[in-house]
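Trainee: Take this structure first; my questions come after.
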Amino acid sequence: MSRLRTLAGLVVLATTGLLITPAAAQAAQPPLRANITCDSQTGAVKTWASGTLFTPGTPPAPVTVEFQRRGGTVITATTSAPLASAPVPLVVKATSTSSGEVNATGYKTTFNPVTSVFYRENLLVTFKNAAGVTLTTREASCYHDRRTTVTLTCDPAAGTVTVAVAGVNGRAGAANGAGRPARVGYRFARTVQHDANDPRFRSELLGPGWDFEHRITQAADGTWSDPAFVDATITSDPYYYAEELTVSVLDTYGAVVGWGTAQCTLFDGSVTPAA
């Protein structure tokens, strides 16, 4: 198999792919998103909505954007508790632009980043027209995790991308794992560009679920690790190749109790190698 076919297979076999040409990358309309961030330093939680709601060229129109917290999880060293959903959403009035985009700032809140070893907050954003009819919805979540470590290592010389994940205690309480099982879910996003003038492809699994899961067993002190493994070996010489990884730790009941992300670039032809 040629080097070109090897890389092409990574894209063709992906569950979904996005074609991004160098010129179109700048002109493409931004996708409609719900956004939420949890600041691990200050504990600030911020929400906003952005992106293309209407077809470009549609006359500007009034839009109602509703921001609502839809649960989550707070874990301390000794306790675990669900984060209650907000009884009513924050309602924000906005107007779309001539390019069909909508931007709106949502609610702000805080959590304690010191006592919280894990914090997750879920956001639901609902977009409505002037008559109050729901046009579409978007969801997002933010995470603060002091227990899970995710490492993604790109080695250009070997052409490999290696994953290593470790953590402490897959649920709330003291770190006394004593053989307690848990699962680790992996989701990858890969961006590939064969040559400088070729289009760039991004492939990833959309919607719920994971590319694959591993079962882990915690040690008596609550620590665990999923042994390092090579996720990809690239034998060709692409102009650009990068990976992004999202990891979720799930307890025996399927609840998310850990989270981490990592990314690395294996090849980038626009960067001059160090002497």
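Trainee: Scan the range 121-147 for residues that are in a loop (DSSP other than H, G, I, E, B) and surrounded by fewer than 18 Cβ atoms within 10 Å (Cβ to Cβ) and jot them down.
Mentor: Within the range 121-147, N129, A130, A131, G132, V133, R146 meet the criteria.
Trainee: Test V150 against the stated conditions and say whether it is in contact (Cβ under 8 Å) with a residue 40 or more places away in the chain, surrounded by 14 or more Cβ atoms within 10 Å (Cβ to Cβ), among the β-branched types (V, I, T) and touching a Leu at 6+ places or on another chain (Cβ under 9 Å).
Mentor: It is true that V150 is in contact (Cβ under 8 Å) with a residue 40 or more places away in the chain, surrounded by 14 or more Cβ atoms within 10 Å (Cβ to Cβ), among the β-branched types (V, I, T) and touching a Leu at 6+ places or on another chain (Cβ under 9 Å).
Trainee: Given the condition over 21 Å from V256 (Cα atoms), hydrophobic (A, V, I, L, M, F, W, C), part of a strand (DSSP E or B) and modelled with pLDDT under 50, answer yes or no: does some residue in the range 33-50 qualify?
Mentor: no
Trainee: Take the conditions at pLDDT 90 or above, loosely packed, with under 14 Cβ neighbours inside 10 Å and under 21 Å from V256 (Cβ atoms) and apply them to A84. Does it pass?
Mentor: yes
Trainee: Out of the residues in the range 87-120 that are among the small types (G, A, S) and not in a loop (DSSP other than H, G, I, E, B), which is surrounded by the most Cβ atoms within 10 Å (Cβ to Cβ)?
Mentor: Of everything passing the filter in the range 87-120, G106 is surrounded by the most Cβ atoms within 10 Å (Cβ to Cβ).
Okay, residues lined up against (1) on the phi > 0 side of the Ramachandran plot; (2) surrounded by fewer than 18 Cβ atoms within 10 Å (Cβ to Cβ); (3) among the hydroxyl-bearing types (S, T, Y):
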residue: I216; (1), (2), (3): no, no, no
residue: D237; (1), (2), (3): no, yes, no
residue: T246; (1), (2), (3): no, no, yes
residue: D251; (1), (2), (3): no, no, no
residue: G258; (1), (2), (3): no, no, no
residue: A262; (1), (2), (3): no, yes, no
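Trainee: Being touching a Pro at 6+ places or on another chain (Cβ under 6 Å) and not assigned by TED's automatic domain parsing to the domain that holds G177: is that true of G72 here?
Mentor: Here the answer is no, as G72 does not meet what is asked.
The values are calculated or read from the model by the stated rules, or taken from the named source; none is laboratory data. This is a predicted model, so every value here is computed, not measured. Note that we place each Cβ from the backbone using ideal geometry, even for glycine, and neighbour counts take in every protein chain shown.
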